[in-house]
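Engineer: For reference, the structure I am asking about is given below.
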Amino acid sequence: MCRSLLRWKFPQVENVLFRVHEYFLHRDSPVLRDMMPLEIAPNGPEPIFHLDGVSSKDFEHLLWLYYNSTVTTYNAPTNTWRSILRLADRWEMDNIKKIALGNILNAADVDHMERIMLCERGDLSRDQATEAYISVCTRDAPLTMDELRSLSTEVILIITSAREQIISLRGNAEQSAVEVVKAALKMV
């Protein structure tokens, strides 16, 4: 096999030195590809490159995706997926980002506001957060200050418009809250 296909890279994260196939880093991240040393000594060790501002635990989580023994099954806690998503965002790893987002959205322990924010920040359809929108729009409590700060103006408009219509419809059985929210999602 060609030597270039078998090259290893040695990123150092915190005080931990990792050994990673070059292929994964080149394929999935233009940022990491640009950070990696190009030249290697013919008889010397591969050069080490440092990944600052990253925890070794988060980097382990990312590598787990590549070296998972059950390639089609990615069972991990939601916080593991969140750390993978942070690194995928940072290093522009679009394929990894999609896997992480899909797993976070399918996790039972993700609240409705996080589902909405994940759909809005990624290239995901709002349809993937319809139930979350319905829950937020039909709850008794209005949006909190923290929620308002974390949402875009467009999402705030969707939620507040739907909530106002739902409030005005209370007692009117002709139009359900679900229909109102779905209509609000399509208006923008």
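Engineer: Give the residues of segment 22-56 that are touching a Phe, Trp or Tyr at 6+ places or on another chain (Cβ under 9 Å), modelled with pLDDT of 85 or more and not in a loop (DSSP other than H, G, I, E, B), sorted by residue number.
Structural biologist: If the condition is that a residue be touching a Phe, Trp or Tyr at 6+ places or on another chain (Cβ under 9 Å), modelled with pLDDT of 85 or more and not in a loop (DSSP other than H, G, I, E, B), then Asp28, Pro30, Val31, Leu32, Ser56 are the ones that fit.
Engineer: Restricting to segment 131-151, name every residue that is under 13 Å from Ile167 (Cα atoms) and either acidic (Asp, Glu) or at pLDDT below 90 (or both).
Structural biologist: Asp140
Engineer: Within the set of pairs 6+ apart or on separate chains, which have a first residue in segment 97-113 that is over 22 Å from Ala141 (Cβ atoms) and among the hydrophobic types (A, V, I, L, M, F, W, C), a second that is assigned to a loop (DSSP other than H, G, I, E, B) and at pLDDT below 90, and C-beta atoms under 7 Å apart?
Structural biologist: Between residues of segment 97-113 that are over 22 Å from Ala141 (Cβ atoms) and among the hydrophobic types (A, V, I, L, M, F, W, C) and residues that are assigned to a loop (DSSP other than H, G, I, E, B) and at pLDDT below 90, the close pairs are Ile99/Tyr74; Leu101/Gly122; Leu101/Leu124.
Engineer: Out of segment 1-21, which residues are at pLDDT 80 or above and either part of a loop (DSSP other than H, G, I, E, B) or more than 23 Å from Lys57 (Cβ to Cβ) (or both)?
Structural biologist: Answer for segment 1-21, where residues must be at pLDDT 80 or above and either part of a loop (DSSP other than H, G, I, E, B) or more than 23 Å from Lys57 (Cβ to Cβ) (or both): Glu14, Asn15, Phe18, Arg19.
Engineer: Give me the pairs: first residue in segment 160-175 and at pLDDT below 90, second residue assigned to a helix (DSSP H, G or I) and surrounded by 15 or more Cβ atoms within 10 Å (Cβ to Cβ), beta-carbon distance under 7 Å, and six or more apart or on different chains, which are they?
Structural biologist: Gln165/Val180; Ile166/Cys137; Ile166/Thr138; Ile166/Ala177; Ile166/Val180; Leu169/Val180; Gln175/Leu169
The values are calculated or read from the model by the stated rules, or taken from the named source; none is laboratory data. Just so it is clear, the model here is predicted, and its values are computed rather than measured. Heads up, the Cβs are rebuilt from the backbone with ideal geometry, glycines too, and the neighbour counts pull from every protein chain shown.
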